[in-house]
């Protein structure tokens, strides 16, 4: 994120003030992203292109602004997950968990929430909801119960679970990559809180939906007939991919001691898994298999990140984020605790309304600029956790708060169960506020009491 | 060569407001997997296909987001579950399940254009007039009949009918 040297030697187009120009490009890009009128990747790449074409930064500075650790981490995990999912292991776990509660609809909703939270912590939450929500929809159809408790609880659980680890949610990946905070630091600082919030949320889910989630014995029997073992399509692939996934997570934990960044670990794991799945194939089959795995990578998302990094690089280079950082410190009187709470609430409310990825990408250099004033890197750590908590949990505030929300709502709509903005907001926003209050107390008790 | 020279006339129309059960019986009787459907005024409404009907026979979630499921054998469904969905399906109207987004040809459309449509996986090309009234249809078979004059459509129809009768007789004897 801060791979750019601050320099005033760059020639800005028409001699415009770089600060103003970069701010206009940032606001314009984010404004257009907010309207959702144009594809977000196109908008980010255009914004990034404007930053370079207008002379705010050079091409080499723009490339340096792209955080390759984030890009590599995302790419590697996407490849690993795309191969692992073809084994059917995720469907197996979802169906197995539904049967553990004797197909009781309320029990299934709780179990699937827990499964989604767990998967979201170790995969990305988009992938998780894409794997679990179709099974949830199939189950509610068989049980003839309302799908909305399942859809809404899946969204909430995926964002809470994703908060727990470095790889759980894109904001955490961005923060981890920019700051060098490790996988272990993420899980020890955010994991307990994510678990606590989930424990608080589950009884609320029960209170909210217990009356709606009742099914006849006959319908429950149709779920109990599910044969989870049949969902495993390739046992060998399942074993191999789970081993690689476990090794990658282990690599995230131990890599910090050997200066191996998560991006390297994830890409190496992806390459290992590709080698394993293509080992016994001939050359043409190998090419086909590798091609299939690579087409599963969300290239538009990666290009979106690249464009975003360049836009943020432009404002960072022009000094806007230093100014904003100083303003925030002025408001909070430079008190670390107040700054942490302000960051938590600001990021939660902003992430409810807009995509949390561009927000966090912008906030990172701004928080970095406060390091000196707050007393060094250690004093900054609670601010990073506050930013991560606000951005991840804030995603629960509205239907557009996180990409996973939009995906679940899209799946629901395709299956004939559209979720309206207001319908989600009435449940999501109060629960998001509750989770932020809990997070605020946690930040106070853990770092400032 | 144009479409009117090879198109097969519509002998019995299927209407969009009829029950799907009627369409299913018709398709089974005629051994047709893809049938043009009209509105009561004769205008073309769309095509009903075996795959449309099969999609309706699946649990709704599976047909709506089929791409999310690589394997569905874990459902372990029994016959009564499928029969239940089939009987519900028969009571729905043809219009609910037909595909209206299909390419059509006109009598004067060059046959090569219809062949391109068939090549693009649309196995039956409806032929309509300027008022969108259905006049006939072109399929792989009608093209072959049109090009190979030695094969007479009526004769093939008679052979198919005889074959059906033979099958029914065999069934009764069993």
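The values are calculated or read from the model by the stated rules, or taken from the named source; none is laboratory data. It should be emphasised that the depicted structure is a prediction, and the values quoted were computed from it without experimental measurement. Every residue, glycine among them, receives a Cβ derived from its backbone with ideal geometry; neighbour counts consider all protein chains shown.
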(message) Against the condition touching a residue at least 12 places away in the same chain (Cβ under 8 Å), under 20 Å from residue B:128 (Cα atoms) and out of contact with any strand residue (DSSP E or B) (no Cβ under 8 Å at 6 or more places or on another chain), how does residue B:5 come out, does it pass?
(response) yes
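Answer with yes or no whether residue B:131 is free of Cβ contacts under 8 Å to residues at least 24 places away in the same chain and either part of a loop (DSSP other than H, G, I, E, B) or farther than 21 Å from residue B:44 by Cβ (or both).
Working: free of Cβ contacts under 8 Å to residues at least 24 places away in the same chain: no; either part of a loop (DSSP other than H, G, I, E, B) or farther than 21 Å from residue B:44 by Cβ (or both): yes.
When the stated conditions are applied, residue B:131 does not pass them.
Mind listing whichever residues of segment A:82-109 are away from chain B (no Cβ under 14 Å) and buried (at least 22 other Cβ atoms within 10 Å of the Cβ)?
Of segment A:82-109, the ones away from chain B (no Cβ under 14 Å) are A:100-102, A:104-109.
A:105, A:108, A:109 - these are the residues of segment A:82-109 that are away from chain B (no Cβ under 14 Å) and buried (at least 22 other Cβ atoms within 10 Å of the Cβ).
Return the residues of segment B:88-108 that are away from chain A (no Cβ under 14 Å), out of contact with any helix residue (DSSP H, G or I) (no Cβ under 8 Å at 6 or more places or on another chain) and surrounded by fewer than 16 Cβ atoms within 10 Å (Cβ to Cβ); say none if nothing qualifies. Walk me through how you get there before you give the answer.
We begin by selecting, within segment B:88-108, every residue away from chain A (no Cβ under 14 Å); these are B:89-95, B:97-108.
Among the residues that remain, those that are also out of contact with any helix residue (DSSP H, G or I) (no Cβ under 8 Å at 6 or more places or on another chain) are: B:95, B:100-102, B:104.
Listed by number, the residues that qualify are B:100, B:101.
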(message) For segment B:66-75, give me each residue that is touching a helix residue (DSSP H, G or I) at 6+ places or on another chain (Cβ under 7 Å) and outside any helix (DSSP H, G or I).
(response) B:69, B:71, B:72
(request) Specify the residue that is farthest from the chain's Cα centre (by Cα); the eligible residues are those in segment A:343-367 that are surrounded by fewer than 24 Cβ atoms within 10 Å (Cβ to Cβ) and more than 25 Å from residue A:317 (Cβ to Cβ). (result) A:345
(request) State yes or no: is residue A:434 farther than 30 Å from residue A:207 by Cβ, assigned to a helix (DSSP H, G or I) and away from chain B (no Cβ under 14 Å)? (result) no
(message) Restricting to segment B:58-81, count the residues that are surrounded by 14 or more Cβ atoms within 10 Å (Cβ to Cβ), more than 14 Å from residue A:227 (Cβ to Cβ) and facing chain A (nearest Cβ under 8 Å).
(response) 9
(request) Examine segment A:211-219 for a residue that is at pLDDT below 95, within 14 Å of chain B (Cβ to nearest Cβ), part of a helix (DSSP H, G or I) and surrounded by fewer than 20 Cβ atoms within 10 Å (Cβ to Cβ), and state whether such a residue exists. (result) yes
(request) State which residue pairs qualify: first residue at pLDDT below 75 and inside segment B:141-162, second residue surrounded by 12 or more Cβ atoms within 10 Å (Cβ to Cβ) in any location, beta carbons under 7 Å apart, and separation of 6 or more residues or different chains. (result) B:151/B:144; B:151/B:145; B:153/B:8; B:153/B:145
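For segment A:271-385, which fully contained helices (runs of 4 or more DSSP H) count at least 3 residues that are more than 22 Å from residue A:28 (Cβ to Cβ)? Quick ask: steps written out before the conclusion?
Details: elements: A:283-295, A:299-318, A:320-331, A:336-353, A:356-368, A:371-374.
Correct list: A:283-295, A:320-331, A:336-353, A:371-374.
This table checks each residue for (1) within 14 Å of chain B (Cβ to nearest Cβ); (2) over 20 Å from residue A:245 (Cβ atoms).
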| position | (1), (2) |
| --- | --- |
| A:124 | no, no |
| A:136 | yes, yes |
| A:152 | no, yes |
| A:161 | no, no |
| A:173 | no, no |
| A:184 | no, no |
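Any residue that is within 14 Å of chain B (Cβ to nearest Cβ), over 25 Å from residue A:401 (Cα atoms), surrounded by 20 or more Cβ atoms within 10 Å (Cβ to Cβ) and at pLDDT below 95 - is there at least one of those in segment A:53-71?
Step one: filter segment A:53-71 for residues within 14 Å of chain B (Cβ to nearest Cβ), giving none.
No, segment A:53-71 has no match at all.
Can you confirm whether residue A:132 is surrounded by fewer than 24 Cβ atoms within 10 Å (Cβ to Cβ), over 15 Å from the mean Cα position of the chain (by Cα) and touching a residue at least 24 places away in the same chain (Cβ under 8 Å)?
Numbers: surrounded by fewer than 24 Cβ atoms within 10 Å (Cβ to Cβ): no; over 15 Å from the mean Cα position of the chain (by Cα): yes; touching a residue at least 24 places away in the same chain (Cβ under 8 Å): yes.
Here the answer is no, as residue A:132 does not meet what is asked.
Among the residues that make up segment A:368-379, is at least one of them touching a residue at least 60 places away in the same chain (Cβ under 8 Å), buried (at least 24 other Cβ atoms within 10 Å of the Cβ) and either more than 17 Å from residue A:337 (Cβ to Cβ) or out of contact with any strand residue (DSSP E or B) (no Cβ under 7 Å at 6 or more places or on another chain) (or both)? Quick ask: steps written out before the conclusion?
Within segment A:368-379, the subset touching a residue at least 60 places away in the same chain (Cβ under 8 Å) is A:368.
Subsequent filtering for residues that are buried (at least 24 other Cβ atoms within 10 Å of the Cβ) retains none.
No, segment A:368-379 contains no residue that is touching a residue at least 60 places away in the same chain (Cβ under 8 Å), buried (at least 24 other Cβ atoms within 10 Å of the Cβ) and either more than 17 Å from residue A:337 (Cβ to Cβ) or out of contact with any strand residue (DSSP E or B) (no Cβ under 7 Å at 6 or more places or on another chain) (or both).
Quick one: in segment A:386-404, of everything that is surrounded by fewer than 24 Cβ atoms within 10 Å (Cβ to Cβ) and not in a helix (DSSP H, G or I), which residue is modelled with the highest pLDDT? Break it down into steps so the answer makes sense when it comes.
Going through segment A:386-404, the residues surrounded by fewer than 24 Cβ atoms within 10 Å (Cβ to Cβ) turn out to be A:398-400, A:403.
Those still in the list that are not in a helix (DSSP H, G or I) too: A:398-400.
Working: A:398: 90, A:399: 87, A:400: 79.
Going through the qualifying residues, I end up with A:398.
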(request) Go through segment B:11-31 and count every residue that is surrounded by fewer than 18 Cβ atoms within 10 Å (Cβ to Cβ) and outside any strand (DSSP E or B). (result) 14
(message) Against the conditions (1) surrounded by fewer than 15 Cβ atoms within 10 Å (Cβ to Cβ); (2) over 21 Å from the mean Cα position of the chain (by Cα), where does residue A:199 fall short? Just the number, please.
(response) (2)
(request) Output the residue which, of all residues in segment A:220-245 that are within 11 Å of chain B (Cβ to nearest Cβ) and in a helix (DSSP H, G or I), is nearest to residue A:265 (Cα to Cα). (result) A:231
(request) Find the residue count for segment A:407-427, including only residues that are facing another protein chain (nearest Cβ under 10 Å) and in contact (Cβ under 8 Å) with a residue 60 or more places away in the chain. (result) 4
(request) Answer yes if at least one residue in segment B:32-47 is at negative phi, within 19 Å of the chain's Cα centre (by Cα), in contact (Cβ under 8 Å) with a residue 40 or more places away in the chain and not in a strand (DSSP E or B), and no otherwise. (result) yes
(message) Can you tell me which of (1) surrounded by 13 or more Cβ atoms within 10 Å (Cβ to Cβ); (2) under 25 Å from residue B:22 (Cα atoms); (3) within 14 Å of chain A (Cβ to nearest Cβ); (4) out of contact with any helix residue (DSSP H, G or I) (no Cβ under 7 Å at 6 or more places or on another chain) is the one residue B:85 doesn't meet?
(response) (4)
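Please pick out the residue among A:202, A:260, A:197 that is part of a helix (DSSP H, G or I), away from chain B (no Cβ under 14 Å) and over 19 Å from residue A:97 (Cβ atoms).
Numbers: A:202 fails: over 19 Å from residue A:97 (Cβ atoms); A:260 fails: part of a helix (DSSP H, G or I).
Exactly one of A:202, A:260, A:197 is part of a helix (DSSP H, G or I), away from chain B (no Cβ under 14 Å) and over 19 Å from residue A:97 (Cβ atoms), namely A:197.
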(request) Name every residue in segment B:101-128 that is within 16 Å of residue B:8 (Cβ to Cβ) and assigned to a helix (DSSP H, G or I), in order of residue number. (result) B:111, B:114, B:115, B:117, B:118
